[in-house]
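What follows is a set of notes on a single structure, which appears directly below.
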Amino acid sequence: MSTPEQALLRFLTCGSVDDGKSTLIGRLLYDSKLLFADQLETLNKDSQKFGTVPDGMDFALLVDGLEAEREQGITIDVAYRYFATPQRSFIVADTPGHEQYTRNMATGASTADLAVILVDARHGVVTQTRRHTFIAHLLGIQSIIVAVNKMDLVDYDQSVFDDIVADYYETIADLGFNHIAAIPISALYGENVTTQFDQMSWYDGLSVIESLETAPVSSSSSKTGFRLPVQIVSRPDQDFRGYAGTLCGAPMTVGDSAIVSPAGTQTSIKSITTPEGEVETADAGTAVTVTLADNIDASRGDIICHGDQGMLVTDQVQAHLIWMSDEPMIPGRQYLLKLATRSATAWVSELKHTVNVNTMEHVASKTLELNDIGVCNLSFDRRMACDAYGDCHDTGAFILIDRFTYATVGAGMIDFSLRRARNLTLQTLTMDKVARARSMGQKPAVIWFTGLSGSGKSTVANAVESKLFDKGHRTYLLDGDNVRHGLNRDLGFTDADRVENIRRFGEVAKLFADAGLIVLVSVISPFRGERDMVRDLLDDDEFIEVFVDASLETCEKRDPKGLYARARKGEIQNFTGIDSPYEAPLNAELVLDTDALSPDDAAEQVIALIEKRILED
Amino acid sequence: MTKSLHLERLESESIHIFREVAAEFERPVLMYSIGKDSSVLLHLVMKAFYPAKPPFPLLHIDTTWKFREMIAFRDQCVKDLGIELIVHTNQDGLDQGINPFDSGSQLHTDVMKTQALKQALDLNRFDCAIGGARRDEEKSRAKERVMSFRDSHHAWDPKNQRPELWNLYNCRVRPGESVRAFPLSNWTEFDIWHYIRAEGIPVPSLYMAAMRPVVERDGQLIMVDDDRIPLGVGEEPKMEMVRFRTLGCYPLTAAVRSSATTLDAVIDETSVTETSERQGRMIDHDQSGSMEKKKREGYF
C-alpha cells in the first residue's frame, strides 16, 4: 500500500449495461491489494449466492453495494471507491449504464478528471457509449480511456479491437478531448488492467492502471482569475469581518485587487487565512477566509473576483441543461437555482433545441424530459455573477431545484451571457401604481380563484365583483373561458400550454393591478408552480389565492357545461381531475368549501378579506 | 509533520461542506461519537469557522455502554474547545432494561442508538445532523450522498437520492424532513490516521495497544470495561495486549491483538492489515446487506 503523499486523480467508469464496469473496479481493488480478508470472505459467500462467474469471484458484487442491485445484477446508482498505487491515489465513481440512470453518470462526471469508457468487444460502440462520451465532454472532462472489454470472448482478435477504436474515434472527432487512450482488456481475468498477458502480444501500449497513473489532472484548466464565492461571513467580534469560501479559478495573493460581484465594488485582498493559518498566497481548491482592505458589505452568494479579470454579470444566459426529473422541464416554469453559493429563481425563457446524443443533431423540442440534454436561454430573477463553464467550472455550473418537492431536477453549464440582458431596461413611468390606486380610494389586488371545473369559481367571482361594484370599487374580472377565447386562443391543454396560459393571465392581471384595479381571476390553474409564479410577479400581499374547494363528485354532479361527461367518455383529453392532475394550494389565503357554502356566503367571505386589507393600510 | 496535497484537498472539501451546512440549515447539529473520525470532524469544524466558534452544538447519543475512557475523553474535549454538548440517552430504553447482553446486539442498537438518535433530532428539531461516516467503510455507504436526504420518518431511500453534482449541495428540506451531512465522505481510514498524525489530533488511547482485560467469545475479543458484563461459568478475563480499530459500545466492539502502542505503529499496522475496520462491529455481520437495512430505518 502506498502513502497518501501523492496527487489525487478522480475518474469515473461508464459504458453500457453489462460492459463490465463494476468488474473492472473490483479487479483494480483486488489487484492493488486493497481488499481485506473479511471483505474477500463476504465476496466469496456472495459470489456463490448471486455470482455470474462459474467457480470464480464475481468482482462486480463487491462494488454493487445495494441489495437490489446485487439481486438484479445491475448497478443502479453511482458508488464511490478509493484505492491507491505506489504512484497515485484514486477516487473512482462507478456509474450506471442504464439510460434511465444517466443523471447519475452526469453526477459522477461533474467531479471527475478522467473517464474510463467501457465497450463490450462483442457489441462495439453503442448508443450508451456515445451518450456517456458526450456527457463526459459536456461536463468538461478532458481525458478519456476507451477500454475494450471482454477481449477473451472474441479470441483476443486484434481486428475487432481496431475496428471498434476506429469507430469510436469517428464518434468523438468533433469533441476535442486532450488525451485519449484505447486499451484492449479482459476485466474478468485482469488482462491489461494491471498486468499484461501473452494473449494480446499485439498490443504494446499501457495497461489501464499505468494509463491512470500517468493521466493529467484537469483541475488546472481554469481560464479565469481567482474567484471566491462567499459561503459565510465570519464576524466573531466587532474588529473582524472575514469572508469564508473555497477559492477557485486561480491562486489569490494578499494585495491583489478585487471586485465584489455582482455589485461591482472595488477593493483589495488584505489577508488570507487557510487551514494552515495566515498565508501570502492560496491555491485554487483551498478553503480560505479573507479580509478586504475596505469596509464594504459583501454577503453569502457574492463572489469576490480578481480586479483585472471580472466576471459576467447578467440576468440571462445561454446554457446546456441536463434534465434529471420525471417531471418534464417546461419553459416559463420557475425553479430554484443554485450557482456557486447564490440561490435565486430561474426559468427557461426559450428552449432552443435538445441534442440527440447519438448523432449530435439538434432537435426542436417544447419540453425537456428525464435524461434530455437541451440548449436554452435561462433567465434569473436578479443579476448574477457567473462565468462560462468552459472558463471556470465552479462559477459556471448550476443546479435547478423544484420549488415544492425540493428535488434536484436539473444541472446546467453556462455557455455565455446573452447581450439582451444588458439592453432591456424597463420603461420607467411617472404615474405609479400607488398614485393611481389612491385616486380610486382602494388598494390594488389580484384575487385568484383556483379550483376544479364546476367548483363554483366563476359563480363566486361574479358575486364578489357585483358586491365590490356596489361598494364603489373599481374591478375587472378575468375569466378562464373568456380569456381563452381571445388572448389565449392559440393555446391548447398540454402541460406546456397550461403553463403559458397562466403566465399570460398573470401578466395581464399584473397590468390591471398596476392600473390600480382589484382584479378577479377565475381560472382552474391546476399547478402550484404557476400560481406561485404569478404570486412572485406581483408585489408582496397583492396576490390573494382563493381555493374554491369542492369534491370531484360534487363538480361532476354539477357539470354545468357537460365537460366531465365528455371527459369520462374520452372525448376530451387532459381534463383536470380526470386524466390531468390538480395540485391543491398549500397556503391559500382563503379556502371556500363550496360543498357546504352558498355562493353568496362564499362571496361574503372574500369581501371580508378584501375590506380587511384595505382597512389595514 | 507536514500534510500531503491529497490531505489538504480533503481538508478543504470537508470545510466547504461544514460551511454550506452552517449557511443553509436553520438548526444543524454535529454528531459526536468520540471515535477517531469524530476527532477529525471536531478538528475540521474548529478550522472551518475560525476565528469564530462553530455555530452549532455537538450531540452525543449515549447508550450508557460506551467505554469509560470514551466518556472521560469526550468531556475533556468539550471543555478544552469550549463548545456546547448535548448528551441524549433513550430513557424509555433504559426503563425497559434494554442492554446488549440480554436484548441482543440488534435490539440494543435499534433502541439505544437509532431510536435514541431520532428522539434527539425530533426533540431539538434539528434539520441537519452532521456525521463522520466515510464511503470506504461499507458498501451501502459508498453510494450515499454528502448531503443525504431523510424523510420525516428519518428514512433513507437509496433508490431515490438527489443527484449531487460538483460541490453544489441541495440543502433544502420541508418541515420535518432532514439531511444527514457527511463531510468525511471521501476520506479513507488511511487518510484519517495520516491526518491525525499530521495535525496532532488527540484520540482516545483505546486505539493504541495496551494490556487490557478481555474475554474471548465467538472468536471476538471483548474487553471487560466494567462489572456489568456477565461472565460464564469458568470464564476468566485475561490480560492481553490489544487495541481497537473502531470505538462503540464496549460489549459490541471487539479488540484486536496488537503491539502497536504508538500512533506511528498503528499507522504501520493499518497499512498491512488484512481485515477491514468494521470487522469488529458485531451489528454489521448479521447479513451482508444489514448496514443498508439499518440506514433505511434511520441508523447513521
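Going by what's in this entry, would A:ASP559 be described as of a type in the set (D, E, K, R) and surrounded by 15 or more Cβ atoms within 10 Å (Cβ to Cβ)? First the steps, then the outcome.
Details: of a type in the set (D, E, K, R): yes; surrounded by 15 or more Cβ atoms within 10 Å (Cβ to Cβ): yes.
Against the criterion (of a type in the set (D, E, K, R) and surrounded by 15 or more Cβ atoms within 10 Å (Cβ to Cβ)), A:ASP559 qualifies.
Listed residues A:ILE183, A:ILE232, A:ILE172; which is at pLDDT 90 or above, of a type in the set (Val, Ile, Thr) and closer than 25 Å to A:ARG130 by Cα?
On the way: A:ILE232 fails: closer than 25 Å to A:ARG130 by Cα; A:ILE172 fails: at pLDDT 90 or above.
Sole residue among the options that is at pLDDT 90 or above, of a type in the set (Val, Ile, Thr) and closer than 25 Å to A:ARG130 by Cα: A:ILE183.
What are the residues in region B:168-195 that are facing chain A (nearest Cβ under 9 Å) and β-branched (Val, Ile, Thr), if any?
B:VAL173, B:THR188
Suppose we filter B:CYS171, B:CYS128 for residues that are in contact with a Cys (Cβ under 9 Å, 6 or more places away or on another chain) and surrounded by fewer than 22 Cβ atoms within 10 Å (Cβ to Cβ); which single one remains? Give the derivation first.
Numbers: B:CYS128 fails: surrounded by fewer than 22 Cβ atoms within 10 Å (Cβ to Cβ).
B:CYS171 is the lone residue from the list that is in contact with a Cys (Cβ under 9 Å, 6 or more places away or on another chain) and surrounded by fewer than 22 Cβ atoms within 10 Å (Cβ to Cβ).
Select from region A:413-467 the residues that are among the basic types (Lys, Arg) and part of a loop (DSSP other than H, G, I, E, B) and write down the one among them that is modelled with the highest pLDDT. Can you show your working first?
Restricting attention to region A:413-467, the residues satisfying the condition of being among the basic types (Lys, Arg) are A:419-420, A:422, A:433, A:436, A:438, A:443, A:457, A:467.
Add one more test, that the residue is part of a loop (DSSP other than H, G, I, E, B), and what stays is A:419, A:443.
On the way: A:ARG419: 57, A:LYS443: 82.
The selected residue is A:LYS443.
Quick check on my filter: what residues within region A:562-602 are hydroxyl-bearing (Ser, Thr, Tyr) and over 25 Å from A:GLU542 (Cβ atoms)?
Let us first name the residues in region A:562-602 that are hydroxyl-bearing (Ser, Thr, Tyr), namely A:564, A:576, A:580, A:582, A:594, A:598.
Listed by number, the residues that qualify are A:TYR564, A:THR576, A:SER580, A:SER598.
For region B:1-15, give me each residue that is polar (S, T, N, Q) and more than 7 Å from every other protein chain (Cβ to nearest Cβ). Outline the logic, then answer.
Looking only at region B:1-15, we keep the residues that are polar (S, T, N, Q), and these are B:2, B:4, B:12, B:14.
Matches in region B:1-15: B:THR2, B:SER14.
Can you spot a residue in region A:166-185 that is buried (at least 23 other Cβ atoms within 10 Å of the Cβ), in a loop (DSSP other than H, G, I, E, B) and either in contact with a Phe, Trp or Tyr (Cβ under 8 Å, 6 or more places away or on another chain) or not acidic (Asp, Glu) (or both)? Break it down into steps so the answer makes sense when it comes.
Step one: of region A:166-185, the residues buried (at least 23 other Cβ atoms within 10 Å of the Cβ) are A:183-185.
Next, from what is left, pick out any that are in a loop (DSSP other than H, G, I, E, B): A:185.
Imposing the further condition that a residue be either in contact with a Phe, Trp or Tyr (Cβ under 8 Å, 6 or more places away or on another chain) or not acidic (Asp, Glu) (or both) reduces the set to A:185.
So far as region A:166-185 goes, yes, one or more of its residues are buried (at least 23 other Cβ atoms within 10 Å of the Cβ), in a loop (DSSP other than H, G, I, E, B) and either in contact with a Phe, Trp or Tyr (Cβ under 8 Å, 6 or more places away or on another chain) or not acidic (Asp, Glu) (or both).
Does region A:356-377 include one or more residues that are within 13 Å of chain B (Cβ to nearest Cβ) and surrounded by 24 or more Cβ atoms within 10 Å (Cβ to Cβ)?
Filtering region A:356-377 for residues within 13 Å of chain B (Cβ to nearest Cβ) gives A:370-371.
With the extra rule that they be surrounded by 24 or more Cβ atoms within 10 Å (Cβ to Cβ), the set shrinks to none.
Looking for residues that are within 13 Å of chain B (Cβ to nearest Cβ) and surrounded by 24 or more Cβ atoms within 10 Å (Cβ to Cβ), one finds none in region A:356-377, hence no.
Out of all the residues in region A:536-559, is one or more basic (Lys, Arg), in contact (Cβ under 8 Å) with a residue 40 or more places away in the chain and not in a loop (DSSP other than H, G, I, E, B)? Walk me through it before giving the result.
Kept after step one, since they are basic (Lys, Arg), are these residues of region A:536-559: A:557-558.
Still in the running and in contact (Cβ under 8 Å) with a residue 40 or more places away in the chain: A:558.
Add one more test, that the residue is not in a loop (DSSP other than H, G, I, E, B), and what stays is A:558.
Yes, the conditions are met somewhere in region A:536-559.
Condition (residue is within 30 Å of B:ARG257 (Cα to Cα), among the hydrophobic types (A, V, I, L, M, F, W, C) and crowded, with 20+ Cβ neighbours inside 10 Å) applied to region B:140-158: is it met by at least one residue? Walk me through how you get there before you give the answer.
Narrowing region B:140-158 to residues within 30 Å of B:ARG257 (Cα to Cα): B:140-142.
Next cut, among the hydrophobic types (A, V, I, L, M, F, W, C) only: B:142.
Subset that is crowded, with 20+ Cβ neighbours inside 10 Å: B:142.
Within region B:140-158, one or more residues are within 30 Å of B:ARG257 (Cα to Cα), among the hydrophobic types (A, V, I, L, M, F, W, C) and crowded, with 20+ Cβ neighbours inside 10 Å.
Can you go through A:ILE304, A:ILE322 and tell me which one is within 14 Å of chain B (Cβ to nearest Cβ), modelled with pLDDT of 90 or more and part of a strand (DSSP E or B)? Please lay out each step first, then the result.
Details: A:ILE304 fails: within 14 Å of chain B (Cβ to nearest Cβ).
Every option except A:ILE322 fails the conditions.
Is it fair to say B:VAL111 is farther than 18 Å from B:VAL266 by Cβ, β-branched (Val, Ile, Thr), within 14 Å of another protein chain (Cβ to nearest Cβ) and outside any loop (DSSP other than H, G, I, E, B)?
Working: farther than 18 Å from B:VAL266 by Cβ: yes; β-branched (Val, Ile, Thr): yes; within 14 Å of another protein chain (Cβ to nearest Cβ): no; outside any loop (DSSP other than H, G, I, E, B): yes.
In short, no.
Here's a check for you: in region A:83-119, which residue that is part of a helix (DSSP H, G or I), modelled with pLDDT of 80 or more and touching a Pro at 6+ places or on another chain (Cβ under 8 Å) is surrounded by the most Cβ atoms within 10 Å (Cβ to Cβ)?
Going residue by residue through region A:83-119, those that are part of a helix (DSSP H, G or I) are A:99-110.
Cutting the leftovers down to modelled with pLDDT of 80 or more gives us A:105-110.
Right, trim to touching a Pro at 6+ places or on another chain (Cβ under 8 Å) and you get A:105-107.
Values: A:MET105: 30, A:ALA106: 23, A:THR107: 28.
Among residues in region A:83-119 that are part of a helix (DSSP H, G or I), modelled with pLDDT of 80 or more and touching a Pro at 6+ places or on another chain (Cβ under 8 Å), the one surrounded by the most Cβ atoms within 10 Å (Cβ to Cβ) is A:MET105.
Is it true that B:ARG74 is assigned by TED's automatic domain parsing to the domain that holds B:TYR169 and modelled with pLDDT under 95? It would help to see each step written out before you state the result.
Details: assigned by TED's automatic domain parsing to the domain that holds B:TYR169: yes; modelled with pLDDT under 95: no.
Answer is no for this residue.
Looking for something more than 33 Å from the chain's Cα centre (by Cα) and of a type outside the set (A, V, I, L, M, F, W, C) - is there at least one such residue anywhere in region A:296-313?
If we filter region A:296-313 for residues that are more than 33 Å from the chain's Cα centre (by Cα), which is where we start, we get none.
Looking for residues that are more than 33 Å from the chain's Cα centre (by Cα) and of a type outside the set (A, V, I, L, M, F, W, C), one finds none in region A:296-313, hence no.
Out of (1) without any contact (Cβ under 8 Å) to a residue 40 or more places away in the chain; (2) surrounded by fewer than 18 Cβ atoms within 10 Å (Cβ to Cβ); (3) within 14 Å of chain B (Cβ to nearest Cβ), what's the single condition that is false for A:ALA282?
Of (1) without any contact (Cβ under 8 Å) to a residue 40 or more places away in the chain; (2) surrounded by fewer than 18 Cβ atoms within 10 Å (Cβ to Cβ); (3) within 14 Å of chain B (Cβ to nearest Cβ), only one is false for A:ALA282: (2).
Quick check on my filter: what residues within region A:470-520 are of a type in the set (Phe, Trp, Tyr), part of a helix (DSSP H, G or I) and within 28 Å of the chain's Cα centre (by Cα)? Please lay out each step first, then the result.
Our first condition is that a residue be of a type in the set (Phe, Trp, Tyr); within region A:470-520, this holds for A:476, A:493, A:505, A:512.
This time we only want the ones that are part of a helix (DSSP H, G or I), so: A:505, A:512.
Scanning region A:470-520 gives a single hit, A:PHE505.
Checking A:ALA258 against (1) surrounded by 15 or more Cβ atoms within 10 Å (Cβ to Cβ); (2) in contact with a helix residue (DSSP H, G or I) (Cβ under 6 Å, 6 or more places away or on another chain), which single condition isn't satisfied?
(2)
Could you list, in sequence order, the residues of region A:560-582 that are of a type in the set (A, V, I, L, M, F, W, C) and outside any loop (DSSP other than H, G, I, E, B)? Give the steps one after another, and end with the answer.
Applying the first criterion (of a type in the set (A, V, I, L, M, F, W, C)) to region A:560-582 yields A:563, A:565, A:567, A:572, A:575, A:578.
Residues satisfying the conditions are A:LEU563, A:ALA565, A:ALA567.
Just need a number here: residues in region B:146-172 that are of a type in the set (A, V, I, L, M) and under 24 Å from the mean Cα position of the chain (by Cα).
So in region B:146-172, the residues of a type in the set (A, V, I, L, M) come out as B:146-147, B:155, B:165, B:168.
Narrowing further to those that are under 24 Å from the mean Cα position of the chain (by Cα): B:146-147, B:155.
Residues that pass the stated criteria total 3.
Answer yes if at least one residue in region A:584-596 is touching a residue at least 24 places away in the same chain (Cβ under 8 Å) and on the phi > 0 side of the Ramachandran plot, and no otherwise. Working first, answer last.
From region A:584-596, those touching a residue at least 24 places away in the same chain (Cβ under 8 Å) are A:584-595; that's our starting set.
Now drop any that are not on the phi > 0 side of the Ramachandran plot, which leaves none.
Scanning region A:584-596, I find no residue that is touching a residue at least 24 places away in the same chain (Cβ under 8 Å) and on the phi > 0 side of the Ramachandran plot, so the answer is no.
Just name the residue that is farthest from A:LYS471 (Cα to Cα) out of those in region A:584-617 that are acidic (Asp, Glu) and surrounded by 15 or more Cβ atoms within 10 Å (Cβ to Cβ).
Here is the first cut: in region A:584-617, the residues acidic (Asp, Glu) are A:589, A:593, A:595, A:600-601, A:604, A:611, A:616-617.
If we keep only those that are surrounded by 15 or more Cβ atoms within 10 Å (Cβ to Cβ) as well, we get A:589, A:604.
On the way: A:GLU589: 22, A:GLU604: 13 Å.
Restricting to residues being acidic (Asp, Glu) and surrounded by 15 or more Cβ atoms within 10 Å (Cβ to Cβ), the top hit is A:GLU589.
Which one of these is under 31 Å from the mean Cα position of the chain (by Cα) and among the β-branched types (Val, Ile, Thr): A:VAL279, A:VAL233?
A:VAL233
The values are calculated or read from the model by the stated rules, or taken from the named source; none is laboratory data. Nothing here was measured: the structure is a model prediction, and the numbers come from that model. Cβ sites come from the backbone with ideal geometry, for glycine too, and all protein chains shown count toward neighbours.
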